[in-house]
Amino acid sequence: MYPAAHRPSGTGTGAVIVEFTNVTGHPCVLEGHPTVAGAGNGSPQHSLPLSVTRTGTASPVRMAPGGKAWAKLTFVQVQGEADGYCVSGSKPVVYPTLVVGLPGAGAHQVALADGEFAECDNKVTVTAVSAAKPS
């Protein structure tokens, strides 16, 4: 998971890209919108599901062995420095990792390539899995 090159306009909106790779020796098909949870203490057993808003139409993505597919997550970022704050007045939450799931593919714990995932309001908007890499 890594920061998106293009984030939605407006202050306080963050975006990350989740990359899925077929690590099996067989073709597979992914379809749908990811579920997302913050992994408390880096452990999926202590995860907190985030409220997910789905965007885009889901269609099957056929992946050869080693093939890739992507989804983009957007969220309300924590503002300021140090402890930070949420514009909404809610308490900022920082997760060392996220648990991202897809129908038929299970849930996987992923880390942000450049640090922790800090968000406000416990909600995220997700695109459908796509064969086209988002920016």
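The values are calculated or read from the model by the stated rules, or taken from the named source; none is laboratory data. Predicted model, so just to flag it, every value in this text is computed and none were measured. Methodologically, a virtual Cβ is constructed for each residue, glycine included, from the backbone with ideal geometry; neighbour enumeration extends over all protein chains shown. With ligands, DNA and RNA removed, areas are computed over all heavy atoms of the protein, side chains included. Shrake-Rupley method; radii C 1.70, N 1.55, O 1.52, S 1.80 Å.
Of the accessible area of the chain, with the probe set at 1.4 angstrom, what percent is carbon plus sulfur? Display every interim value, and only then the final one.
Numbers: 3890 of 7340 Å².
It is 53 percent, rounded to a whole number.
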Of Thr125, Val100, Pro65, which is farthest along the charge dipole of the chain in the positive direction, counting Lys and Arg as +1 and Asp and Glu as -1 at C-beta? Pro65
Under 20 Å from the Cα of Lys72, which lysines turn up, not counting those fewer than eight places away in the same chain? Lys123, Lys133
In what sequence, highest mean first, do 97-103, 59-65 appear when ranked by Cβ atoms within 10 angstrom? 97-103, 59-65
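With a 1.4 Å probe and every protein chain left in place, work out the accessible area per residue of region 66-105 in Å², rounded to a whole number.
Values: 2050 Å² over 40 residues.
Ligands and nucleic acids excluded, the result is 51 Å² per residue.
Evaluate 2.2 N^0.38 Å with N set to the residue count of region 12-71, then give the Cα radius of gyration divided by it. Present the calculation step by step, with values, prior to reporting the outcome.
Working: Rg = 14.0 Å, N = 60, 2.2 N^0.38 = 10.4 Å.
Relative to the rule-of-thumb radius for its length, region 12-71 sits at 1.34.
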Furthest towards positive pole of dipole, Ser88, Ser47, Asn22, structure part the chain, Cβ charges: Asn22
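Local charge sum around Thr53 (other residues, Cβ-Cβ under 15 Å, Lys/Arg +1, Asp/Glu -1)? Before the final figure, lay out the partial values.
Values: positive: Arg54, Lys72, Lys123; negative: Glu119, Asp121.
That sum, taken over residues with Cβ under 15 Å, equals +1.
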Give me the net charge for the shell around Trp70: Cβ to Cβ below 13 angstrom, other residues only, Lys and Arg +1, Asp and Glu -1. +2
